[in-house]
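Peer 1: Sharing a structure here in structure tokens format.
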Amino acid sequence: MTRVAVLVCVVVALAAAALVAADRAHSLEPRDTTSPTGRVSLPATVRSARVDVVVTVADPETGVVDLRMSNDDRTWSAWERYPSPAPGGSIRLPWLLAPGLGLKTVTVEVRNGAGLVSRFVADTVQLPAAS
């Protein structure tokens, strides 16, 4: 066997050992099996369709990375990056409620770094605008 062939065999063996070691180390990493926790809130009553949704969520293992919102649980905004929260841990998201007066529900879904999704629901009553 030539020196080049021996060198190639050694390099291939080292690369294979490195892959096995990396795979073993990856399999020993703790898996995030817990969805994000928290809450979502709206003012109890509003006089406009424009509201700020207050989102307070956390995920200590892999962090909250994305969120999306819905007025009807069928039509969703696109997933977007979760913004950095304020010092208190909350974020305020501007949102447009569904048309009409009465009870309104906003649903927020958040996704952590492991792909686990949590759903939070908040209600408000929309009243006629003050005249």
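The values are calculated or read from the model by the stated rules, or taken from the named source; none is laboratory data. Bear in mind the structure is a predicted one, so any value in this text is a computation, not a measurement. A quick note on method: Cβ atoms are made from the backbone with ideal geometry, for glycine too, and the neighbour counts reach across all protein chains shown.
Peer 1: Is it fair to say Val46 is modelled with pLDDT of 95 or more and either in contact with a Ser or Thr (Cβ under 9 Å, 6 or more places away or on another chain) or over 15 Å from Tyr82 (Cα atoms) (or both)?
Peer 2: no
Peer 1: Then there is this: How about the range 54-131: which strands (runs of 3 or more DSSP E) wholly inside it have at least 3 residues that are in contact with a Ser or Thr (Cβ under 7 Å, 6 or more places away or on another chain)?
Peer 2: On the way: elements: 64-70, 90-96, 102-112, 117-126.
Fully inside the range 54-131 and qualifying: 64-70, 102-112, 117-126.
Peer 1: I'm trying to understand the selection: among the residues of the range 94-131, which are of a type in the set (A, V, I, L, M), out of contact with any Gly (no Cβ under 8 Å at 6 or more places or on another chain) and within 19 Å of Thr45 (Cβ to Cβ)?
Peer 2: Of the residues in the range 94-131, the ones of a type in the set (A, V, I, L, M) are 96-98, 101, 103, 106, 108, 110, 114, 116-117, 121-122, 125, 127, 129-130.
Narrowing the set further to residues that are out of contact with any Gly (no Cβ under 8 Å at 6 or more places or on another chain) leaves 96-98, 101, 103, 106, 108, 114, 116-117, 121-122, 127, 129-130.
Hits for the range 94-131 are Leu96, Leu97, Ala98, Leu101, Leu103, Val106, Val121, Ala122, Leu127, Ala129, Ala130.
Per-residue answers, yes or no, for (1) surrounded by 16 or more Cβ atoms within 10 Å (Cβ to Cβ); (2) among the small types (Gly, Ala, Ser):
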residue	(1), (2)
Ala58	no, yes
Gly63	no, yes
Arg81	no, no
Gly89	no, yes
Pro94	no, no
Gly102	no, yes
Val108	yes, no
Gly115	no, yes
Val125	no, no
